[in-house]
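Heads up, the thing below is written out as structure tokens.
The values are calculated or read from the model by the stated rules, or taken from the named source; none is laboratory data. Quick caveat, the model's predicted, so the values are computed rather than measured. Quick reminder, even Gly has a Cβ in these numbers, built from the backbone with ideal geometry, and neighbours come from all protein chains shown. We work out accessible area using only protein heavy atoms, side chains counted, and drop any ligands, DNA or RNA first. Shrake-Rupley method; radii C 1.70, N 1.55, O 1.52, S 1.80 Å.
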Amino acid sequence: MLALRLLGCHPAALGGMWLRARAGPVRDRLLSGLGSLPLPVVRLHPAMEHEALEGGLDLTATLAGGQMVMRDGLLARPSVLVLAMAERCPPGLAARLAQLLDQGRHALIAIDEGADPPEGLAPALADRLAFFADLDGVAWGDSHDVGPLSGATGDARLDPAMLEALVRTAAMAGIDSLRAPRHAAAAARAAAALDGRADVTAEDLRLAADLTLAHRATVAPQDGDDPDEDQGPPPAPEDTAQGSPPPDKTQALPGDILLEAIRTALPPDLLARLAAGRAARQARGATGTGATRRGNRRGRPLPARPGKLDGTARLDLVATLRAAAPWQAMRRAATGRQGLPELRPGDIRLKQAQERSDRVLIFTVDASGSSALARLAEAKGAVELLLAQAYARRDHVALIAFRGSTAELLLPPTRSLVQTKRRLAALPGGGATPMALGLASALELGLQARARGMTPTVALLTDGRPNIARDGQPGRARAEADAEAMARMIRAQGLSALVVDTGNRPTPWLQMLAGQMEARFLALPRAGARRLSAALSAALDG
């Protein structure tokens, strides 16, 4: 509530608020007072089209009047933008909103409805918003109605030494953006203006650090982190005794107070949650979904493209009329016809959509004699744990076991946890290690999954080197050569892969095999099922 009141004083200078909250009465109550802000409120959605945001041709007026009529978009005038489902904001829209915030004409209330820490606001937007609030666990009885937010607009005076203290405090908290102390300074000025004071006080600085720096911290600040604490001994007494007055201790900046404000405002798990979110957003494929592809039927709409109506794509009627509208006066004058719009083949626009395929994780597990005991049990547990996570991420899981002289598909691609538990319980162990057969089965299953529109990833779990060739004959040299050949085939087909060495000691040959497969290599000796599952999940996402 206090952050909103400060935002009412200087909306553009403070940027806005990152509001992490699910839909509910508490969130509605908090947002109900935005209408009293000094800027008009404009509501946005991540899937809004470019023309609605930036403006463009007014199709109805253009067709009716016979000449081009342009209309403004939602972003044309200074306003407070309320972005729903901000965790789904596409990169293009995030970049455009970041540009608007840098211009100082807009403020943004980004409503983050993400269920898990990896889901969250784009870093480019989070860095430009002064405040963060999390309504998780806030009951209706703990909230109250929002009063008028158009507060005082006076610009309180901030001593340069206070600004230096804010910059140092941000550095001690591991904040590497200069926007953070700038937002803190603006919040301190707004707090002084709300109280009708002309000067910023130490209490205003503490409040600003609490509201604008605490949620950005990447390390818990310590009192000994001050970079100036080792700059040498204080000056000798005679340096200050020659007519200059002693320093006024009442004006000393409360660096310890600012640090204490940040430590007090840090929830116990905030640093861990924010770090998890940053790591997941930076990881390749962190959405847990498969590859993107262009289609013309389903998915997120993309801008229409010029083309021909050949039966493989759908006509975008609105985009076609918009392309033809500027030329109507000229065409009607040339043909002498009035009434319906004159269309040309070059006006045709076709619909596009961006689809995201499901991902299938193909676990190729070594069930030979060397892995038949504890290592195989851990692999079973890891697969079971990963499948429990896969349901929320829309992943499928398949299981191939190789032992003796065969490789068997024990579990076709599925999201059924019950079926997986049953198949894993019946997974036998013992025998030789026909790794080439296991990789061949994984490649075949991956190609089949890709043909059905899925994105396959092969995860090889083994503790040693193969000793059975692809034709079933024993011999380590041939077995290794066949396995390397299959690894190169997996790379040639463009399948992503992961090699996990579960042996007590890492095997250099497995690392070399991962290089031929262009796969990530993980050495996890003595890893339990939960650690193995966590490592696999992080590696497959990254």
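Taking θ as phi - 60° and the Karplus parameters 6.51, -1.76 and 1.60, the scalar couplings of the stretch 73-78 work out to x, 5, 9, 6, 10, x Hz in sequence order, x denoting glycine and proline. Would you work out if the stretch 467-507 is rounded, prolate or oblate? Take a ≥ b ≥ c from the square roots of the eigenvalues of the alpha-carbon gyration tensor; rounded if a/c is under 1.5, else prolate when a/b is larger than b/c, oblate otherwise. Oblate.
Order 49-55, 318-324 from most to least packed using the mean count of other Cβ atoms within 10 Å.
Details: 49-55: 14.9, 318-324: 18.7.
The densest-packed peptide leads the list: 318-324, 49-55.
Once neighbouring chains are kept in place and the probe is 1.4 Å, which whole percent of the accessible area of the stretch 13-82 is contributed by carbon and sulfur?
Working: 1870 of 3370 Å².
Carbon and sulfur together cover 56 percent of it.
Give me the net charge for the shell around Ala76: Cβ to Cβ below 11 angstrom, other residues only, Lys and Arg +1, Asp and Glu -1. Taking every Cβ under 11 Å from that of Ala76, the sum is +1. Between Met85 and Ala477, residue separation times 0.36 nm minus the direct Cα-Cα distance comes to 135.5 nm. Taking a ≥ b ≥ c as the square roots of the eigenvalues of the Cα gyration tensor, the stretch 1-160 is prolate, since a/c reaches 1.5 or more and a/b is larger than b/c.
Given R₀ = 51 Å, what would the calculated FRET efficiency be for Ala64 paired with Leu447, taking r from the Cβ atoms and rounding to 0.05? The calculated FRET efficiency here is 0.40. Each Lys or Arg adds one and each Asp or Glu subtracts one; over the other residues with Cβ under 13 Å from the Cβ of Leu97, this totals 0.
As a calculated quantity, the FRET efficiency between Arg197 and Ser36 at R0 = 25 Å, using C-beta atoms, amounts to about 0.65. Answer rounded, prolate or oblate for the stretch 2-64, using the Cα gyration tensor with square roots of eigenvalues a ≥ b ≥ c: rounded when a/c is under 1.5, else prolate when a/b is larger than b/c, else oblate. Note, shape of the stretch 2-64 comes out prolate. Under 5 Å between amide hydrogens, built in the peptide plane, is the criterion, and for Ala497 it picks out Val458, Arg520 among residues at least 5 positions away or on other chains. Subtracting the Cα-Cα distance of Asp28 and Thr406 from 0.36 nm times their residue separation leaves 130.0 nm of extension gain.
Subtracting the Cα-Cα distance from 0.36 nm times the residue separation, let me have the gained length for His144 to Arg491 in nm, one decimal.
Working: separation 347, 0.36 × 347 = 124.92 nm, distance 5.92 nm.
Here the segment from His144 to Arg491 would lengthen by 119.0 nm.
Net charge near Ala492, counting Lys/Arg +1 and Asp/Glu -1 over other residues with Cβ under 13 Å of its Cβ? Could the numbers behind the result be given before it?
Values: positive: Arg488, Arg491; negative: Glu484, Glu518.
It works out to a net charge of 0.
Extending 7 Å from Cα along the Cβ direction at Thr312 and again at Ala76 yields two label points whose distance is 3.9 nm. Taking the stretch 56-93 and a reference point 7 angstrom along Cα→Cβ of Ala329, the backbone N atoms nearer than 15 Å belong to 58, 61-70.
Between Leu81 and Val42, Ala107, Leu108, Ile109, the built amide H atoms are under 5 Å apart, and every one of these is 5 or more places off in sequence or on another chain.
Protein heavy-atom accessible surface, 1.4 Å probe, per residue over the stretch 1-122: 43 Å².
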